1. Checking A:H158 against (1) in a loop (DSSP other than H, G, I, E, B); (2) modelled with pLDDT of 90 or more; (3) on the phi < 0 side of the Ramachandran plot, only one condition comes out false. Which one?
2. Scan the range A:72-93 and tell me whether some residue there is closer than 29 Å to A:L11 by Cα, away from chain C (no Cβ under 11 Å) and assigned to a loop (DSSP other than H, G, I, E, B).
3. What are the residues in the range A:423-443 that are within 22 Å of the chain's Cα centre (by Cα) and more than 24 Å from A:K404 (Cα to Cα), if any?
4. Can you report the number of residues in the range A:1-35 which are within 11 Å of another protein chain (Cβ to nearest Cβ), over 14 Å from A:K453 (Cβ atoms) and without any contact (Cβ under 8 Å) to a residue 60 or more places away in the chain?
5. State whether one or more residues within the range A:1-22 are among the hydrophobic types (A, V, I, L, M, F, W, C), under 30 Å from A:L256 (Cβ atoms), out of contact with any strand residue (DSSP E or B) (no Cβ under 8 Å at 6 or more places or on another chain) and not in a helix (DSSP H, G or I).
6. Quick one: count up the residues across the range A:26-71 that are part of a helix (DSSP H, G or I) and basic (K, R).
7. Find the residue count for the range A:309-364, including only residues that are out of contact with any helix residue (DSSP H, G or I) (no Cβ under 6 Å at 6 or more places or on another chain) and of a type in the set (V, I, T).
Amino acid sequence: MTVQEVRLCGLLLQEHFGEVVEKVGTLMLKNGAQNLRTILHETGMSVDLVKKSLCVLVQHGACLFISGRKGPGSPTEYRASCDQILRILRYPRYIYTAKTLYGDTGELIIEELLQRGHMTMSSTVKKVADRLTQNMEEGRSMDYSEVSSAFSSLVETHFLQRCPQLGGAAMKEGTAPADAVTPAAPAAPASTAPPTAESFSDCYKVPQVTLIGRGKRQLASEDGEDQRNAKRPRMDSEVHGDEGIYWQVNFERFHLHFRDQAIITAVANKLDQTSSEIVRTMLRMSEVTTSPSATCTKPLSANEIFRSLPAGYNISRPILDQYLTLLVDDPMEFVGKAGESGGGMYVVNMHKALTNLARATLESVVQERFGSRSARIFRLLLRKRHLEQKQVEDFAMIPAKEAKDMLYTLLSQNLVQLQEVPKTPDYAPSRTFYLYTVNQLSTARMLLQNCYKTVANLMERRLFETKDSKRLLEKSQRIEAILASLQASGAEPEQLTEVEEMITAPEKQQLDALRLHINKLDSAENQVDETIFLLESYINSTATSAS
Amino acid sequence: MAEVKVKKETNVSEAAEVESRIKELCQQFPQGITDQVIQNDMPHLEPQQRAMAINKLLSLGQLDLLRNSSGLLYRLKDTQSVSKMKGSDNQEKLVYQIIEDAGNKGIWSRDIRFKSNLPLTEINKILKNLESKKLIKAVKSVAASKKKVYMLYNLQPDRSVTGGAWYSDQDFESEFVEVLNQQCFKFLQSKAEAARDSKQSPMVQRNSSFATSHEVWKYICELGISKVDLSMDDIETILNTLIYDGKVEMTVIAAKEGTVGSVDGQMKLYRGVNAIIQPTGLVKTPCGLCPVFDDCHEGGEISPSSCIYMTEWLDF
Amino acid sequence: MAGRGRGVGAFTFNIEALGIGRGSMPEARVGPSPLFPSTDFKPVPLKASEDEDYMLALKQEMRGTMQRLPHNIKLQSNKSEVERYTERYLKQSQTEDEEWTPDWKLFPRELMPKKKQSRAKTAGTKKKTVKIACKDAADVLTKLDELAKKDNEKSDDETEKKKTGEEDGEDEVEAEDFEEEDIEEDNDYIESYFDNGEDFAADSDDNMDGEATY
């Protein structure tokens, strides 16, 4: 865990779970696996707060626990998951994607699960039905079955998965839970690695639930009474048949979707819309047959592809062949040819695509930060691998002095490296080649850390801006509250205006500016996360690549 | 004895004729004439007579003696310089000859000294003199900034001296390169657009979006924006920079011998391409471009709270 | 690796050999360098589209929601008084339940709360006072304030009543009022859990009555 990662995780924990959880979480991130006593000791916080914090972290999958790792009787150890916490940055994207794929219902299902960590299908369905009902016209409500059906779709396409049964704890033999509804997982000897959701064969099995009813609208009321009454229905202890079966969002599945989106967009940018639709079709056909870490999809025949094209696309078979050939010929090698049967066998080269996307990302950074000519040098080095200074000048057609300055700057920022290749055994400088080079992978890692730092910077600045205007914000909130209550109790317009005017014009301006600042900072965080996603995906792909 | 006398006298007048005939021949063939040419023209001429005439002309400084792979070559000396050289002494003539021999690649003063065995002060005096007479000129060499080479006044310096099309007076013509870069790109871009708009089959579209380096070269030449002659190689160098700019792609295909623009049975094809991504998220923030990024941390002098780049960016 | 940051970093290679002699370094700075040197390039504008706007709204809503959920543990057990007003008078409290109960089957036993502690806490939380800071429109605020106080006390009572009524035998973990229900665990276990700090882990392992599993 790097310093930047820990810092960013701390900020995310603080923002969503509060200072207390942040303190506990950060401690675990810095020090690795810890038992409860150590955590208590190190944080100096009360038992009660520490326990609650751990519960919150476990609930959200941000912390795993293992008991008996050092033998029977040894204390439970807790380990925070940096990756999981960093995903909080991506929550808006997960929710929005669910919306585009499964509508408002899908959107709310994902949102609820992200907010609460994990839930049963029945409680999710009920909550979502209530929320949807709230937004519907008077008298209308959302049927549970509709929500259940959306839920099932999300499970079928693996966007949702069952939680690993025991929160990451290793299983002891012979202790299958007595009241478990799910079949026991394979009785493996206690392992130290926490089982993933996918190590359970039923992780994508929708349970039989009896879930009949409709969403309940929460009644708007003036005092607390009715609100409490409306809460009542949710306190019921109806049993639906899926008790103990908890569901969580499957981030990896969303990531595959994002990856595919990035590839399709790249093809559309480089080539054209039709080519990108063909690639989209190929990826869609491969969704279930290709493992997430595969370098490329399983081979698809042109015949199959032709049959699977979306209904609106009226291209002839020979034209499809042309598009496929052009895709294969393209230097980016999005698509490769794997054989001749079936009219030609084709694959999508995911890892190559990720490499190209990562490269384009690095080039983009150099371009915007140091200008076109430095970017030219950077791309040159990526292509030619090793060049001497003079060669750089000549190929890039940049005069010596400027080329030297640019190389020096790139070198000092670690975007370019220098290798000494001796011509003679004595390493004499005059008989040594000094070759400039760019290492894509290590540069990508470095930039990824920069991204983490950048997001943390944006968050700090946002907190600062908010803190700076704290009194004003509170004043504004108070005024809002007063206004609302006055309106509800039927106050005169003059009274309302009087209250409104409690915020002065310059104060209003300040508030507006603050709002703009916050929005800009938040939006920037979302957009930097796109860079983070591409770089992380690329780096992870190199770990599993055969090359 | 009388015979000889008569012969001699005849020879003298004949010699003058031979000399002027040789000069005429030289004018006819400015690149130089060989003994064979003279013999063909005056078959009755004795080799001895020929040799004498040539030597006479040489010593008068009216003829140049050159050597090529097949033998000796005689060339008419430039009359202007001949007249200019009239007042010169032998040393000057020698230096001039050395410089002339160096052709359009020129020669360092040090090498002139080496070849002439004259002392440096003499050389410098002579060079100054010749320069003022506009018989020779000094050209800055791109290879070494302090050195100059000398060559005859009206010669076009060779590329190795001037640095080729991209150097003017030893200064790299960045702007010129930039302009060519842009023009080449525009050409390729519009070709690609035309291909797209043609709504032909995808294969045809792709192929028609390509241009050979020859086509680009022709376009640039016709634009007439270059003061110097640009070769196809020069254009390819420019096109390569466009590749490194991420704007252009190149493919090499086999070409039939004799196809216009093909070199060694191959042709290079270029076309304009689009970026596969928009600028990445990181560069949309001040931190992504920050010059003091590494020094920034909360609580320090440079921190997100105190950052003026952030302030500027937020208020933009 | 090459040095980073401002100034000439320490290079591991001989930079003179590159021809970067002292004289040809980028301009030497005169005097201390400015903290924030001027930059040639400005950030590329952020993407602005409906998608981005929607995700921005999602982000901010998520932040707000999660800060109100019981998962968000605050050191002071009350939310700021302003947030209370906001909830009551802007009718935003909708779906936020005040309690959250982990399913202890998925959690280590040792994280289960203790009875003793909570009693003291409950007493504490009741004592919270609502402060009024704003001097403007004091009357209105005082009125609201009194209303709020009354409501608080009322709701606390209500919640407690509700809880004692529960019989599902599960513990309830509350962010605010960390009250505990009567549970099936025997007092001895709890006593020893706290008294004997050294072996609490061992105890929890032993006491497997089928409720919580590992």
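The values are calculated or read from the model by the stated rules, or taken from the named source; none is laboratory data. Here the structure is a predicted model, which is why all the values come from computation and not from measurement. Here the Cβ is made from the backbone with ideal geometry for all residues, glycine too, and neighbour counts use every protein chain on show.
1. Result: A:H158 passes all but (3).
2. Yes, the conditions are met somewhere in the range A:72-93.
3. A:L441
4. So the answer is 10.
5. yes
6. In the first step, residues of the range A:26-71 are kept if they are part of a helix (DSSP H, G or I); the result is A:26-31, A:36-43, A:47-59.
Add one more test, that the residue is basic (K, R), and what stays is A:30, A:37, A:51-52.
Looking only at that region, the number is 4.
7. Here the count works out to 6.
For (1) assigned to a helix (DSSP H, G or I); (2) within 35 Å of the chain's Cα centre (by Cα); (3) within 13 Å of chain B (Cβ to nearest Cβ), each residue gets a yes or a no:
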| residue | (1), (2), (3) |
| --- | --- |
| A:R445 | yes, yes, no |
| A:R462 | yes, yes, yes |
| A:R471 | yes, yes, no |
| A:A484 | yes, no, no |
| A:A513 | yes, yes, yes |
| A:H517 | yes, yes, yes |
| A:A524 | yes, yes, yes |
| A:I539 | yes, yes, no |
| A:T542 | yes, yes, no |
